[in-house]
Amino acid sequence: MFGDFHNQVLYSLEQIVDIKAFATEYGVSAPPFLRNCRNTPAVTKFVDALRLPGGNYSKTLRPDTKITPEMVDVQHGNEIDELVAWLGACP
């Protein structure tokens with residue numbers, strides 16, 4: 001089983017797994033993932049700047065698309081629907 005427990009937060013920061021405790025509890029090896037093969041360099045640089053727990057990637061394997069990521073603050077459920085509709089209309 002492979003998972004990026006340091007740099008993948010799917011739902012909330014409270015769900016970040018303590019990898020050392022996980023490895024001890026389940027008796028598994030837990031080497032760090034230091035190369036990102038899913039995102040572009042611009043995305044990994046943007047995420048690194050957020051300084052989330054787990055540290056930074058040492059390398060990004062995908063080519064740069066020259067698309068700059070943006071952070072959007074969404075306060076209400078209807079704003080999420082509008083944002084998803086807007087993103088769906090993007091080229």
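The values are calculated or read from the model by the stated rules, or taken from the named source; none is laboratory data. Bear in mind the structure is a predicted one, so any value in this text is a computation, not a measurement. With ideal geometry, Cβ positions are generated from the backbone for all residues, glycine too; neighbour counts draw on all protein chains shown. Note: accessible area is taken over every heavy atom of the protein model, side chains too, but ligands, DNA and RNA are not part of it. Shrake-Rupley method; radii C 1.70, N 1.55, O 1.52, S 1.80 Å.
Things worth noting here:
- Hits in segment 63-83 (condition: under 24 Å from Pro41 (Cα atoms), of a type in the set (A, V, I, L, M) and open to solvent by less than 100 Å² (accessible area, probe 1.4 Å)): Val72, Leu83
- Extreme residue, nearest to Met71 (Cα to Cα), among residues of segment 22-52 that are of a type in the set (A, V, I, L, M) and touching a Phe, Trp or Tyr at 6+ places or on another chain (Cβ under 9 Å): Val47
- When Tyr57 is tested against (1) modelled with pLDDT of 85 or more; (2) in contact with a strand residue (DSSP E or B) (Cβ under 6 Å, 6 or more places away or on another chain); (3) among the aromatic types (Phe, Trp, Tyr), only condition (1) is not met.
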